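Notes for the one structure printed next.
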Amino acid sequence: MYTINFQKPIHIHFIGIGGISMSGLAEILLDRKFTVSGSDMKASEITEHLGKIGARIAIGQRAENITDDIDLVVYTAAIHEENEEFAAAKNKNIPMMTRAALLGQIMDNYARSIAVAGTHGKTTTTSMLTHILLQGQLDPTVSVGGMLDRIGGNIRVGQSNVFLTEACEYTNSFLEFHPLYSIILNVEEDHMDFFKDLEDIKHSFHLFASQTAPDGLIIINGDMEHTDDILKDLPQKAITFGLNGDNDYTATDISFDKEGNGSYQLVVDGENMGPVSLKVKGRHNIMNSLAAIACARALGLPMKQILTGLLSFGGTHRRFEYKGNIGDVIVIDDYAHHPTEIKATLTAAREYPHDELWVVFQPHTYTRTKAFLHQFAEVLTLADHVVLADIYAAREPDTGMVSSRDIVNLLKEAGTDVYYFPTFGEIEDFLLSQVKGHDLLITMGAGDVVNIGEDILRKTC
């Protein structure tokens, strides 16, 4: 594989530079005096920002964007060989590298690297840690998979030896990483268009854990039934977190305030370390905070700074994000697109003051919808009313194997008040005629369902 000499900046071209993670890597390289160019299918605030700080941006992916002065081309898993720029780079024999491989090489330049992995919670836990590390004045470089107000976007370029990033398991991307601290939040079935089964996923997480630095630390959810399988025969030190009392880091006396924000007593190795207060909702965020605390303490930060940093974190964009009000109706948006995530969000919503709960769900990808069809229907029964949008295809073609109507039929069989509309406009008109009083409306999914809530708020302002 091509190896970058970070002491000798070159010209790197990104195919799909407007993506949340690709743009962050581009910004890090710009700070290191690399020449950066890239393309994307449409202009965005991200591409505009990159252009302002020195990147050469092309809208539209065409062969002519691959110029002879390019030394390396970086691409994501979503880019296929038919892509004009991908094919042109191959024809010109320009070295090529995946986004994950580039991220791994960047990480290797930092002595204290942290990789946050797991089926769920990566963005939130990375964001929590960002707040803590900034409170502790560690000046980290951060790459997060969402927009975080504290750093003004999805990337922060620091000047210390601390690097913090999410580590995604899809296509085994995280196997490019060799962090000092590996965090494993949870391991469940997902991305079944790539993985064969849960055993295959567990094997990948085992490999990820095995690549932790020999003198590093694995911080892992001890409540999982397969924690021991992931840690089996690994020489690295490991500590566990979870809500069961036998974990190294655990929480007792859990409670929620009138807005659903959690608090608890932190217990470390059996010793009560005092109260922890959060400004985010749900038990899943208590778990995320335990992982963040464990990592921060391993970095040597005192509890006072850790607790202050945690309390300053109020969530990231698209994670139970308050969008506005329609009268007294509260509009929330959430990125949840896996049954476990949906259950966590709807469970957290119970702690939020409201009359009736409306959920607009947009399934994400056909393979995920087919794999979790019955689980989606089961968790959506936690809502009083459910509205289904069409499946967001993302990288997949529609083969006709599954549709949102399949979830609708299962919900009807369960007695849930459920509706389906083929267009966002119809959904918006229906909701405006139905939501009332102190109802809570959540738009949910990893696609563009967020536009529904935002459009409704614009129509009523």
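Quick look at the numbers
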{"item": "Accessible-area ranking of 166, 64, largest first, probe 1.4 Å", "result": "64, 166"}
{"item": "Value in Å of the Kirkwood radius, where segment 141-295 supplies the Cα pairs that are averaged", "result": "16.9 Å"}
{"item": "Probe 1.4 Å - accessible area at residue 3, Å² to nearest ten", "result": "100 Å²"}
{"item": "Three-way shape label, segment 63-134, alpha-carbon gyration tensor, a/c 1.5", "result": "prolate"}
{"item": "The chain shape via C-alpha gyration tensor axes, a/c threshold 1.5", "result": "oblate"}
{"item": "Relative frequency of Cα-Cα separations exceeding 26 Å in segment 42-195, percent", "result": "35 percent"}
{"item": "Three-way shape label, segment 316-461, alpha-carbon gyration tensor, a/c 1.5", "result": "prolate"}
{"item": "Mean accessible surface per residue for segment 368-445, computed with a 1.4 Å probe while every protein chain stays in place, in Å²", "result": "45 Å²"}
{"item": "Paramagnetic label zone (point 7 Å from Cα along Cα-to-C-beta, residue 434; backbone N under 12 Å) in segment 334-364", "result": "357-361"}
{"item": "Ranked order, 1, 287, 444, 96 - accessible area, probe 1.4 Å, largest first", "result": "1, 96, 287, 444"}
{"item": "With all protein chains modelled, accessible area of residue 297 [1.4 Å, Å²]", "result": "80 Å²"}
{"item": "Probe 1.4 Å, all protein chains present, accessible-area order of 301, 198, largest first", "result": "198, 301"}
{"item": "Unit Cα scatterers, Debye sum, segment 376-461: log10 I(q)/I(0) for q = 0.14 Å⁻¹", "result": "-0.52"}
{"item": "Nearest-10 value in Å² for the accessible area of residue 90, using the 1.4 Å probe", "result": "100 Å²"}
{"item": "Calculated P(r) of segment 1-75 - Cα pairs past 18 Å, %", "result": "31 percent"}
{"item": "Largest-first principal axis extents, alpha carbons of segment 237-281, Å", "result": "38, 17, 14"}
{"item": "Karplus-derived 3J(HN,Hα), 6.51/-1.76/1.60, for each residue of segment 354-365, Hz, glycine and proline x", "result": "6, 8, 10, 9, 9, 10, 9, 10, 10, x, 10, 6"}
{"item": "Relative contact order (%) - segment 309-461, alpha-carbon pairs under 8 angstrom, separation at least six", "result": "33 percent"}
{"item": "Cα-Cα pairs of segment 121-164 separated by more than 11 Å (percent)", "result": "60 percent"}
{"item": "For segment 92-136, accessible area per residue (1.4 Å probe, heavy atoms of protein chains only), Å²", "result": "23 Å²"}
{"item": "Kirkwood Rh, angstrom, segment 269-379 [1 / mean 1/r, Cα pairs]", "result": "16.3 Å"}
{"item": "Relative contact order computed over segment 174-237 (Cα-Cα under 8 Å; 6+ residues apart), in percent", "result": "42 percent"}
{"item": "Dmax and Rg, reported as Rg then Dmax, of segment 251-306 (C-alpha, Å)", "result": "11.1, 34"}
{"item": "Solvent-accessible area, 1.4 Å probe, carbon plus sulfur percent, for the chain", "result": "47 percent"}
{"item": "HN-Hα J in Hz across segment 230-240 - Karplus 6.51, -1.76, 1.60, θ = phi - 60°, x for Gly and Pro", "result": "6, 8, 4, 6, 8, x, 5, 5, 9, 10, 10"}
{"item": "Computed [θ] at 222 nm, helices only, for the chain once each DSSP H run of length n ≥ 4 contributes -39500 (n - 2.57)", "result": "-9500 deg cm²/dmol"}
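The values are calculated or read from the model by the stated rules, or taken from the named source; none is laboratory data. The structure displayed is predicted, hence computed values, not measured ones. Neighbour counts are summed over all protein chains in view; Cβ atoms, including those assigned to glycine, are modelled from backbone coordinates with ideal geometry. The accessibility values were calculated without ligands, DNA or RNA, using every heavy atom of the protein model including side chains. Shrake-Rupley method; radii C 1.70, N 1.55, O 1.52, S 1.80 Å.
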